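The values are calculated or read from the model by the stated rules, or taken from the named source; none is laboratory data. Just so it is clear, the model here is predicted, and its values are computed rather than measured. Reconstructed Cβ throughout: ideal geometry from the backbone, glycine too, with neighbour counts over all protein chains shown.
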Amino acid sequence: MPEPALVVGLGNPGPEYALTRHNIGFAVLDAFAAKHGASFEIDARHRGAHAKVSLGGVTVRLLKPLTYMNESGKCCGPFAAFHKIRPERIIVVYDEITLEPGSVKLTVGGSAGGHNGIKSLLEHLPNAFARYRVGIGPKRFPDRPLADHVLGRMTPEELTLHKDRLPFHLTGLETILTKGVPEAQNLINRKPSP
């Protein structure tokens, strides 16, 4: 029987954060759940929103930590342990400032790279989970704090690009879950078509 898997989308709870760049992980996970007919329910024990789907015979749990970004690991670590999901079977979807909007990169391991959500995960999970990094572009205003960029709302152009790229993101996640990381990297780690 295939091992269960966990897909985590990082973001901040609350409507004021819904369209911010930092919440792209939540947005991708919402679309993934909708495509597969699942809906999120609050998991009070682990302080997250949880859904479950079946994909190619694999039980896939979807998790949105509601602890706020900087404490995502406090939700994910105990949740994965409770459901007996190995770190190698966890995929984390999150925003990446070093990638241009529309770009994506799939990696495993490495440092937190200044991302507080990943930093928190590394405090509560072994560094073996897959990282689905969605580009939100470099900071556009060098004289402003980084937080203003990541917590800022996406522009209409960015929202359109994100919507256009969603099918690619969902296919990417499905490929990881059904065929594994190496094959998914061949699909995902390409520059998007102009």
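How many of the residues in segment 11-40 are without any contact (Cβ under 8 Å) to a residue 60 or more places away in the chain, aliphatic (A, V, I, L, M) and touching a His at 6+ places or on another chain (Cβ under 8 Å)?
Of the residues in segment 11-40, 0 are without any contact (Cβ under 8 Å) to a residue 60 or more places away in the chain, aliphatic (A, V, I, L, M) and touching a His at 6+ places or on another chain (Cβ under 8 Å).
Out of the strands (runs of 3 or more DSSP E) lying entirely within segment 17-89, which hold 3 or more residues that are surrounded by fewer than 16 Cβ atoms within 10 Å (Cβ to Cβ) and polar (S, T, N, Q)?
Numbers: elements: 41-43, 48-55, 58-65.
Passing ranges: none, list empty.
Would you confirm, using the coordinates I've provided, whether ALA128 is hydrophobic (A, V, I, L, M, F, W, C) and at pLDDT below 95?
Working: hydrophobic (A, V, I, L, M, F, W, C): yes; at pLDDT below 95: no.
No: the conditions fail for ALA128.
How many residues are touching a residue at least 40 places away in the same chain (Cβ under 8 Å) and either in a loop (DSSP other than H, G, I, E, B) or among the acidic types (Asp, Glu) (or both) if we restrict to segment 97-111?
5
Tell me, please, whether a residue that is among the aromatic types (Phe, Trp, Tyr) and surrounded by fewer than 19 Cβ atoms within 10 Å (Cβ to Cβ) can be found in segment 109-132. So that I can check it myself, show each step before the final result.
Filtering segment 109-132 for residues among the aromatic types (Phe, Trp, Tyr) gives 129, 132.
Checking the rest, the ones that are also surrounded by fewer than 19 Cβ atoms within 10 Å (Cβ to Cβ) come to none.
No: segment 109-132 contains no residue that is among the aromatic types (Phe, Trp, Tyr) and surrounded by fewer than 19 Cβ atoms within 10 Å (Cβ to Cβ).
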